[in-house]
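Trainee: Encoded as structure tokens, here's the structure I'll be asking about.
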Amino acid sequence: MSQVSSRQAKKLSDYKAPEFTITDVELSFELNPQATKLTAVYQLKSASGKAGTLILDGQELKLLSVSLDGQLLNADCYQVTAEQLILPGMPAKAQLELNIELNPQANTALEGLYLSNGAYCTQCEAEGFRRISYYLDRPDVLARFTTHIIADDTAYPALLSNGNLVSSTLLPDGRRHVTWVDPFPKPSYLFALVAGDFDCLKGSYTTGSGREVALEFYVDKGNKNRAQFALESLQRAMLWDEQRFGLEYDLDIYMVVAVDFFNMGAMENKGLNVFNSKYVLADQQSATDTDFFNIESIIGHEYFHNWTGNRVTCRDWFQLSLKEGLTVFRDQQFSADMGSATLNRIDAVKTIRTAQFAEDAGPMAHPIRPQQVLEMNNFYTVTVYDKGAEVIRMLHTLLGQDGFRKGMDLYFKRHDGQAVTCDDFVNAMQDANGRDLTLFSRWYQQSGTPELKVHSQFDAKKREFKLLMQQHTPATADQADKEPLLLPVRVELLAEGASLPYLLEMTETQQEFSFAVSQKPVPVLLADFSAPVKLQYQYSMDELLQIARDAKDGVARWDAIQQLWQIQVKAAIEANSSGAEYQLPAALFEFYRQLLVKPLDDLAFTAELLTVPAYDMVAEQFDEIPVQTLVVALQSFQQQLATQLAEQWQLCYQSLQAEAYQYQQQQVAKRALRSVCLHYLAFVAGKDELLRQQYNSSDNMTDQLAVLRACRSASHPLFAELMSAFEQRWNKDVLVLDKWFSLSASYPQPPVFNTLEQLTAHPQFSWQNPNRVRAVFGAFYQQNPAMFHSEDGKGYQQLADVVLKMDAINPQVASRLVTPLLSWKRYQSARQQQLKAVLQAMLTRDLSNDLYEKVSKSLS
Ligand code: B3K
Ligand code: ZN
């Protein structure tokens, strides 16, 4: 791929308000796969009221002509570079018309206008609109858009864009001309166009103030039934946002289009969301409980963006967390209200502790508001999104639900229709609550994972319990000096069967908190994971077991078990270095035995407690990750639990009879616990019949996939047989087949390297489709640590080859895939050498900015 763009990073500190703005845009597309004609008309206004040079962004565009106020300009009146259209002497007020030709068929980067299975669609965030037309492609330029689409009426009956449809005319040549008008001024990144032949599932929603909104889901032919759940999720999200935040939808129509070729999950374009079909389509046969969950959460997320993102947008891309952190927080609250608050919180904590802490510890560390960016698409990160949501959650914790709502109300009152900064958001929270949040704002500037060290003291005479806390944030790749942060620390003190809750606010490097108590309590620290930090406190095993049993907060109970497992891992590593085999302690078996004999009321929570932490969760606790030892230890723990409690797993499994499938909380919980039992049973000899029976008799994907996963994890001989049955059943249905691709790629034994080659030769595999590539190679590095880190370096080489291949096709996908190769500093020397060698080799190639930014940072 030849690199036209410059390697010049942009800095937040260089932000300047635009000299010109565009108030109105009229776009006319005549669609054609290789030669789409676009006429773009802009009403321009200079901010100063003076004439000046107008510089528009544009990439890979064929510019046919330029007219100013109706006059065709000679080519010497403007200058076209690889990334800009420069027009000197632009009057203070003007109408500019551009004629452009686009080639959607050649667009494999899936940014701008492209074809997905024959349907036209667009993706503009962050800077994709400049691949459609020359424009002031920045979020602080808000314009009213009118979009005309002209296309063959038979081949493309659905012609969609933002806003409301105002006209539709059949032309004499068999083409149709439609016009959409979006009354809400918006930045270019929210523009969307879709044209295709879809099935459409229709529904409606009546807002609190009585307005009727048409809801339309456009899906591939034959898939209408699979969109029902997404439609209902949208209706739930619309109601929830009215009830929780007083926010109503504002257009007459809300459309969602499901496409197969998409770089990420979904996109919140005004009135016309484009979704990866994976997050729209589901039925019990083809989708798991987790798929249903994700659909509801992502449908909610994109819908919530209509206020947090669209009505109030970002001034510049450094402020991305303004909309993303806040919207993730909102979708998390929504999911918590729709299902189990504790389970949702546990999932969020896992994301922070694995991917986000890893990002802080690696070469791409950045604050939730980054200060410097080469390729914006590289900053749609777990830090900006998920740590961003933790920061919002801390505000919610500090201000309380009502205080937070007051802040949100003021934020919308002040900024509706504007492009603003994270400071504007914090100021609204501050002013609405009369509380100084200056110290809190550091969370936006400082990167890294704070460490919170806690000691306790009990004075029996004084009847006083003290917590001595210290915070320290280690230096990160991007920032050496760190300052103390405001940490909300939820604490419970367990004593005499009671639990007393506290919310401590830590503001200094060191602080002491005293509590009057009659007996020495067990402190439950950082309940609900009230701040995204690493906690250190010397708990005894008994204390952890007590917390697991008695704490009020479910997250703390789960966390106690996580810490117990961390202790086991460390003990196993020590035993291993002395050549001994490590046996789990009796107390742990006993705790698990009791849980199995008498599961808690919440079966899903029980299932979580019974699950040995995943590799990446454990790995993140180590500065230098002992890969092989961890893989072996975790496998041995599962084997020991399986063997020691074989009878209990079996009895618990049998007590949870399957019922006719519904996606409904209690059923989901029951299936989760059944799957955990099944997982351990796969490690026990003689369970073939049971496994086969569940696979063949279940009426849903959740239970079937549980069998395949269990067999994969235990390297069970049945795996091959069942996988081949699965492939035959689903090979026409790629979305489902992706599950098979992932399972195949995560088989933890050396034949997987041959399998990977076979998978890419499968008739349904395509390098052009990000879902396929991620299904195979994403799964390989995320779910197959044993083989990805295989000692000969084969796993690293394999991924590096794929990354380079993908960079020429789709840089965004390549740049996501490269992530696990970047953290070479976290491994022992042989692995470090192998990783560095593949990265250095990569850097000698002609890389996209996306990949260059990451690889060069990791080697600097
Ligand atoms: N805003 C989009 C993400 C765009 C990613 C661009 N590379 C989806 C979301 O967060 O809702
Ligand atoms: Zn978002």
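Trainee: Expressed as a whole number of Å, what is the distance separating the alpha-carbon centroids of the stretch 245-272 and the stretch 463-504?
Mentor: Taking the Cα centre of each part, the stretch 463-504 and the stretch 245-272 sit 40 Å apart.
Trainee: At R0 = 41 Å, how high is the FRET efficiency between L12 and Q105 if r is their beta carbon distance? Nearest 0.05 is fine. Write out the running numbers ahead of the final one.
Mentor: On the way: r = 37 Å, r/R0 = 0.91.
Using R0 = 41 Å, I get an efficiency of 0.65.
Trainee: Here is a further query. Rounded if a/c is under 1.5, else prolate if a/b is larger than b/c, else oblate: which is the stretch 266-419, with a ≥ b ≥ c the root eigenvalues of its Cα gyration tensor? List each step's numbers first, then the result.
Mentor: On the way: a/c = 1.29, a/b = 1.17, b/c = 1.10.
Since a/c stays below 1.5, the shape of the stretch 266-419 is classed as rounded.
Trainee: Once label points are set 7 Å from the Cα along Cα→Cβ at both E590 and D199, what is their separation, rounded to one decimal in nm?
Mentor: Computed distance between label sites E590 and D199 equals 5.7 nm.
Trainee: Could you give the length gained by full extension between Q832 and D423, i.e. 0.36 nm per residue of separation minus their alpha carbon distance, to one decimal place? Walk me through the numbers before you get to the answer.
Mentor: On the way: separation 409, 0.36 × 409 = 147.24 nm, distance 4.03 nm.
Here the answer is 143.2 nm.
Trainee: Would you please give the FRET efficiency between A47 and Q84, computed as 1/(1 + (r/R0)^6) with r the Cβ-Cβ distance and R0 = 25 Å, to the nearest 0.05? Intermediate values should be presented prior to the final figure.
Mentor: Details: r = 19 Å, r/R0 = 0.77.
It comes to 0.85.
Trainee: By how many degrees, between 0 and 90 and to the nearest 10, does the Cα long axis of helix 794-809 differ from the longest principal axis of the chain?
Mentor: Roughly 20 degrees between the two axes.
Trainee: Carbon and sulfur together cover what percent of the accessible area of the stretch 619-669 at a 1.4 Å probe radius? Can you show the working numbers first?
Mentor: Details: 1190 of 2480 Å².
Carbon plus sulfur share of accessible area: 48 percent.
Trainee: Now for a separate question. Can you give me the Kirkwood hydrodynamic radius for the stretch 67-166, using every pair of distinct Cα atoms, in Å to one decimal?
Mentor: Numbers: mean 1/r = 0.0626 Å⁻¹.
About 16.0 Å, per the Kirkwood formula over Cα pairs.
Trainee: Separate question: Could you state the number of Å between the C-alpha centres of the stretch 585-638 and the stretch 783-817?
Mentor: Comparing the Cα centres of the stretch 783-817 and the stretch 585-638, I get a distance of 29 Å.
Trainee: Another one. Tabulate in residue order the Karplus-calculated ³J(HN,Hα) for the stretch 278-283, using 6.51 cos²θ - 1.76 cosθ + 1.60 with θ = phi - 60°, rounded to whole Hz; enter x for Gly and Pro.
Mentor: Once rounded to whole Hz, the list reads 4, 9, 10, 8, 7, 9.
Trainee: Moving on to the next point. Considering only protein heavy atoms, what per residue accessible area in square angstrom results for the chain with a 1.4 angstrom probe? Intermediate values should be presented prior to the final figure.
Mentor: Numbers: 33110 Å² over 860 residues.
Heavy-atom SASA per residue in the chain reads 39 Å².
Trainee: Over 55 Å, how big is the tail of the calculated P(r) for the chain, in percent of all Cα pairs?
Mentor: Details: 40750 of 369370 pairs.
Counting every Cα pair in the chain, those more than 55 Å apart make up 11 percent.
Trainee: Decide, for the stretch 293-362, between rounded, prolate and oblate: order the square roots of the alpha carbon gyration tensor eigenvalues as a ≥ b ≥ c, take rounded if a/c falls under 1.5, and otherwise choose prolate if a/b is larger than b/c, else oblate. Spell out each step's value before the answer.
Mentor: Working: a/c = 2.75, a/b = 1.11, b/c = 2.49.
The shape class here is oblate.
Trainee: Ok, one more. Just want to confirm a number: the relative contact order over the stretch 106-253, from Cα pairs under 8 angstrom separated by 6+ residues, in percent. Present the calculation step by step, with values, prior to reporting the outcome.
Mentor: Details: 273 pairs, mean separation 30.2, N = 148.
Relative contact order of the stretch 106-253: 20 percent.
Trainee: Continuing with this model, one more query. Any chance you could give the angle, 0 to 90 degrees and rounded to 10, that helix 849-859 forms with the longest Cα principal axis of the chain?
Mentor: 40
Trainee: Grab the other residues whose beta carbon is less than 11 angstrom from that of A389, score K and R as +1, D and E as -1, and report the net. Before the final figure, lay out the partial values.
Mentor: Working: positive: R330, K387, R393; negative: E324, D331, D386, E390.
Local charge sum for A389: -1.
Trainee: Ok, one more. In deg cm²/dmol, rounded to 500, what helix-only [θ] at 222 nm does the chain give when every DSSP H run of at least 4 residues adds -39500 (n - 2.57) and the total is split over its residues? Display every interim value, and only then the final one.
Mentor: Details: 29 runs with 339 residues, N = 860.
So the helix-based figure for the chain works out to -12000 deg cm²/dmol.
Trainee: Work out how much length L73 to S209 would gain on full extension: take 0.36 nm times their residue separation and subtract the Cα-Cα distance, in nm to one decimal. The partial results should precede the final answer.
Mentor: Working: separation 136, 0.36 × 136 = 48.96 nm, distance 5.02 nm.
Contour length minus Cα-Cα distance gives 43.9 nm.
Trainee: Please report how far the C-alpha centroid of the stretch 119-145 lies from that of the stretch 645-667, rounded to the nearest whole angstrom.
Mentor: Each part reduced to its Cα centre gives a spacing of 50 Å.
Trainee: Note down the nm distance, to one decimal, between modelled labels 7 Å out along Cα→Cβ at S860 and at Y537.
Mentor: Result for the modelled spin labels: 4.0 nm.
Trainee: Take peptides 834-842, 500-508, 780-788 and line them up by average Cβ neighbours within 10 Å, highest first, as a rough protection proxy. Could you put the intermediate results ahead of the total?
Mentor: Working: 834-842: 18.4, 500-508: 14.4, 780-788: 23.0.
The most tightly packed comes first, giving 780-788, 834-842, 500-508.
Trainee: Mean separation of Cα pairs under 8 Å and 6+ residues apart, divided by the residue count of the stretch 492-638: what relative contact order is that in percent?
Mentor: 18
Trainee: Full extension from E464 to K552: what is 0.36 nm times the residue separation minus their Cα-Cα distance, to one decimal in nm?
Mentor: Values: separation 88, 0.36 × 88 = 31.68 nm, distance 2.22 nm.
Between E464 and K552, full extension yields an extra 29.5 nm.
Trainee: Now for a different question. Percent of accessible area on the stretch 719-784 owned by carbon and sulfur, 1.4 Å probe? Write down the numbers at each step before the final one.
Mentor: On the way: 1350 of 2710 Å².
C and S fraction of accessible area: 50 percent.
Trainee: Taking all protein chains as present, what is the carbon and sulfur share of the accessible area of the stretch 255-307, in % to the nearest whole number, probe 1.4 Å? Can you show the working numbers first?
Mentor: Working: 470 of 980 Å².
Roughly 49 percent, rounded to a whole number.
Trainee: Return a whole-number percent for the relative contact order of the chain, with Cα pairs under 8 Å and 6 or more residues apart as the contact set.
Mentor: Working: 1629 pairs, mean separation 75.9, N = 860.
Dividing the mean separation by the residue count of the chain yields 9 percent.
Trainee: Suppose R0 equals 51 Å. What FRET efficiency, 1/(1 + (r/R0)^6) with r the Cβ-Cβ distance, do D792 and Q285 give to the nearest 0.05? Could the numbers behind the result be given before it?
Mentor: Values: r = 41 Å, r/R0 = 0.80.
The value I calculate is 0.80.
Trainee: Which net charge results when you count Lys and Arg as +1 and Asp and Glu as -1 among the other residues whose beta-carbon is under 9 Å from that of F229? It would help to have the intermediate numbers written out before the result.
Mentor: Working: positive: R226; negative: E232, D283, E296.
For residues surrounding F229, the net value is -2.
Trainee: What distance in nm separates the simple spin-label points at T169 and Q664, each placed 7 Å from Cα in the Cβ direction?
Mentor: Placing both labels 7 Å beyond Cα along the Cβ direction yields 5.3 nm.
Trainee: Give, rounded to the nearest 20 debye, the magnitude of the charge dipole that the chain has about its Cα centre when Lys and Arg contribute +1 at Cβ and Asp and Glu contribute -1 at Cβ. Don't skip to the answer; put the middle values down first.
Mentor: Values: 78 positive and 101 negative charges, 160 e Å.
About 760 debye.
Trainee: If we count every other residue with Cβ under 11 angstrom of E125's Cβ, Lys/Arg +1 and Asp/Glu -1, where does the sum land? Present the calculation step by step, with values, prior to reporting the outcome.
Mentor: Details: positive: K323; negative: E111, E127, D137, E268, E324.
Local net charge: -4.
Trainee: Work out the charge dipole of the stretch 278-437 with +1 on the Cβ of Lys and Arg and -1 on the Cβ of Asp and Glu about the Cα centre, then indicate which of F357, T288, T421 is farthest towards its positive end.
Mentor: The residue sitting most towards the positive pole is T421.
Trainee: What residues have an amide H closer than 5 Å to that of A92, excluding those fewer than 5 places away on the same chain, when H is modeled at 1.01 Å from N in the peptide plane?
Mentor: A51
Trainee: Using only Cα atoms, find the angle between the long axis of helix 541-550 and the longest principal axis of the chain, and express it within 0 to 90 degrees, rounded to the nearest 10.
Mentor: Roughly 60 degrees, rounded to the nearest 10.
The values are calculated or read from the model by the stated rules, or taken from the named source; none is laboratory data. Please read these numbers as outputs of a predicted model, since none were measured by experiment. Cβ atoms come from the backbone with ideal geometry, glycine included; neighbour counts cover every protein chain shown. For accessibility, only protein heavy atoms count, side chains too; no ligands or nucleic acids. Shrake-Rupley method; radii C 1.70, N 1.55, O 1.52, S 1.80 Å.
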